[in-house]
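The values are calculated or read from the model by the stated rules, or taken from the named source; none is laboratory data. Quick caveat, the model's predicted, so the values are computed rather than measured. Please note: Cβ atoms are built from the backbone with ideal geometry, for glycine as well, and neighbour counts cover all protein chains shown. Accessible surface areas use protein heavy atoms only, side chains included; no ligands, DNA or RNA. Shrake-Rupley method; radii C 1.70, N 1.55, O 1.52, S 1.80 Å.
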Amino acid sequence: MKLSQIESFKVTSHPQHSRIKHIELCPDSVHNFFEEVANVSSQQLENVAFIRFHVAKALRESLGAELTQMLKQTLHDRATGGFTIGLSDYVQDFDSFLKFSTAVAYSVGISNFDDMSGEYYAVFDVKHSFDSDTNLRKAYRNLELHTDGVFMNEVTDWLLMMKLKEQHAEGGESRFLHIEDWEDAGKFQKHPLASHKFKYTYAHRKSKNITDVVYDSVFYKKDNQICMRFNDQCTFPETEEQAEYLREISESVEKSSGTKSVKLPVGHLVVLNNHFWLHGRESFKENEKLFRQLMRQRGVFHKNAIKK
Ligand SMILES: [Fe+2]
């Protein structure tokens, strides 16, 4: 029996970050969802874009239109712009995780093609030792706060990260900063370089598999609200003054009291509005057996999405 929409999920503030909503799903409704999509395979999801919409429809029908409406509204709401949602221990396999994350992603928008993986999602591991040319997979250093897609010509409205596996991991939590919680935001927005079009590219990093070169400002307005694009590793200043401006921003967001660590259990995912949230990662405590696997999806909002 399908539960009413109100009974199928519960919304609270995330215990570690009050701006983020935490959504708990009723196990019976989750069970209904997986029954509805039992015949969908990962290969179909990868190869056939309309199947991704189909799993989002199954989520809406199993958990209620109120849930998907609330997910969209939350991402567009400047006051929050983020949520966590999880499957607890209901399922543990990759196919189920892909179905669920795709259903959530396609409830709010459309996932962009991921150049790193060649699919609409990417899975990456963090291990004790990893031969990587970016900080994404380097376990024992911070991954600095940034927004996604800075170096790409396409728009990145939102990002989704889901934890798939984790063993012997201490530390390494996600770190999030909402631009409204950043004490120095006004100071850097008013700086003469706030509208300077910096050069962003990852063409020099083979693993990124992308040759776009983008020129754009750090700050911009969307829906009349100040937004931000920032990624220390792909930005190329041309003067010492520009370099200092970027370095000071990076230092300021890292030490901001608004930057908070959020623990994401296996089977849970976080979705953030990429226009006004920065994200990063703490370093891990050294352990030779360390293993973490994450999935990411990044995308755009539906064209008819609710605008606040
Ligand atoms: Fe990122």
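Structure notes:
- A simple rule links phi to the HN-Hα coupling: the Karplus curve 6.51 cos²θ - 1.76 cosθ + 1.60 with θ = phi - 60°, which for segment 171-182 gives x, x, 6, 5, 10, 10, 9, 7, 4, 6, 9, 8 Hz, with x for Gly and Pro.
- Choice from Asn273, Asn32, Asn224 with maximal GNM fluctuation in the chain (Cα, 10 Å cutoff): Asn224
- Rounded to the nearest 0.05, the FRET efficiency derived from the C-beta distance between Glu288 and Arg141 at R0 = 22 Å is 0.80.
- Long hydrophobic helices in the chain: the complete DSSP H runs spanning 20 Å or more by Cα along their own axis with mean Kyte-Doolittle hydropathy of at least 0.0 are 49-63, 94-108.
- Fraction of antiparallel bridges per DSSP, segment 1-151 only, in percent to nearest 5: 65 percent
- Loop-located chymotrypsin sites (Phe, Trp or Tyr not before Pro) in segment 101-208 (DSSP state not H, G, I, E or B) with no more than 15 neighbouring Cβ atoms inside 10 Å: Phe113, Phe130, Tyr140.
- Ignoring lysines fewer than eight residues from Lys255 along the same chain, the ones with Cα atoms less than 17 angstrom from its Cα are Lys187.
- Cα-Cα over 18 Å, subset of Lys21/Lys260; Lys10/Lys260; Lys21/Lys263; Lys138/Lys197; Lys10/Lys57; Lys208/Lys263: Lys10/Lys260; Lys138/Lys197; Lys10/Lys57; Lys208/Lys263
- Of the accessible area of the chain, computed with a 1.4 Å probe over protein heavy atoms only, carbon and sulfur atoms account for 47 percent.
- Measuring between their Cα centroids, segment 145-203 and segment 40-111 lie 23 Å from each other.
- Within the listed set Asn231, Asn142, Asn209, the Gaussian network model of the chain (springs between alpha-carbon atoms below 10 Å) gives the highest mean-square fluctuation for Asn209.
- Residues with amide H under 5 Å from that of Gly171, placed H, sequence gap 5 or more: Lys285
- For segment 103-127, the residues whose amide N sits under 18 Å from a probe point set 7 Å from the Cα of Ser261 along the beta carbon direction are 126-127.
- Scanning the chain for GluC sites (Glu not before Pro) lying in DSSP loops with no more than 15 further Cβ atoms inside 10 Å, the longest uninterrupted stretch between such sites is 8-153.
- Once backbone amide H atoms are built at 1.01 Å from N, Gly109 has His302 as its partners under 5 Å, excluding neighbours fewer than 5 places away on the same chain.
- Annotation: amide H of Ser217 within the under-5 Å range of Phe198, sequence separation 5 or more or interchain, hydrogens built in the peptide plane.
- Low-density loop positions, trypsin sites (Lys or Arg not before Pro), segment 192-287 - DSSP coil, at most 10 other Cβ in 10 Å: Lys197
- Charging the Cβ of each Asp and Glu at -1 and of each Lys and Arg at +1, and nothing else, the dipole of the chain about its Cα centre rounds to 440 debye.
- Ordering Ser62, Ala203, His146 by Cα displacement along the dipole of the chain toward the positive end leaves Ser62 in first place; charges were set at the Cβ atoms of Lys, Arg (+1) and Asp, Glu (-1).
- For the chain, built as a Gaussian network whose Cα springs stay under 10 Å, the top-fluctuating residue of Val262, Val48, Val40: Val48
- Applying both filters, DSSP loop and at most 15 other Cβ atoms within 10 Å, to the trypsin sites (Lys or Arg not before Pro) of segment 1-85 gives Lys2.
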